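The values are calculated or read from the model by the stated rules, or taken from the named source; none is laboratory data. Treat the numbers as computed from the prediction; the structure is a model and nothing was measured. Backbone-built Cβ (ideal geometry, glycine too); neighbour counts: all protein chains shown.
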Amino acid sequence: MSVGGSAATWDDEEGLHPTQSLDDTVHQRVRLGILTVAREADRVEFGFLKKQLAVTDGNLSRHLRVLEESHLITVEKGYAARRPRTWIALTREGTLALDAELRALRALVLRLESPHPAPGPPGT
């Protein structure tokens, strides 16, 4: 670790900050919620996601479109009990992207929980 002024900074030789590994498509709160809920089941119904994530139909649809265009989920429309339904499932790419996001978040938490050496005088 090097020190610039009074603020501690990480040297390039120590590697990139864990936040550099976060994926903006995955990391957005609602999209991360969609991926994590979808990971828990083979497929998840639109209404269940809407309720779990406390979002509007339009907001959820917008986030689903982003994830589908990124090939992280599939969207299947059909009927159940004569009512139209939409189901969402994680793709292999979605699983890999979620795993990478979780690794980056774990690295960030670990970094923050690890003791850091006391900064020395400026220029060391």
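One line per residue, one yes/no per condition, for (1) among the aliphatic types (A, V, I, L, M); (2) at positive phi; (3) surrounded by 15 or more Cβ atoms within 10 Å (Cβ to Cβ):
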| residue | (1), (2), (3) |
| --- | --- |
| VAL30 | yes, no, yes |
| GLU45 | no, no, no |
| VAL55 | yes, no, yes |
| VAL66 | yes, no, yes |
| HIS71 | no, yes, no |
| LYS77 | no, no, no |
| THR86 | no, no, yes |
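Might you check whether a residue that is over 21 Å from ARG85 (Cβ atoms), at pLDDT 95 or above and assigned to a loop (DSSP other than H, G, I, E, B) occurs anywhere in the range 23-35?
yes
I'm told VAL75 meets every condition in (1) in contact with a Ser or Thr (Cβ under 7 Å, 6 or more places away or on another chain); (2) of a type outside the set (Lys, Arg); (3) modelled with pLDDT of 95 or more; (4) within 28 Å of HIS17 (Cβ to Cβ) except one. Can you identify the failing condition by its number?
So the condition that VAL75 fails would be (4).
For the range 78-92, does any single residue satisfy the condition of being under 14 Å from ASP23 (Cα atoms), outside any helix (DSSP H, G or I) and at pLDDT 95 or above? Break it down into steps so the answer makes sense when it comes.
Restricting attention to the range 78-92, the residues satisfying the condition of being under 14 Å from ASP23 (Cα atoms) are none.
Among the residues of the range 78-92, not one is under 14 Å from ASP23 (Cα atoms), outside any helix (DSSP H, G or I) and at pLDDT 95 or above, which makes the answer no.
Of everything in the range 94-124 that's at pLDDT below 90 and of a type in the set (Gly, Ala, Ser), which residue is nearest to ALA38 (Cα to Cα)?
Among those residues, the one meeting the criterion is SER114.
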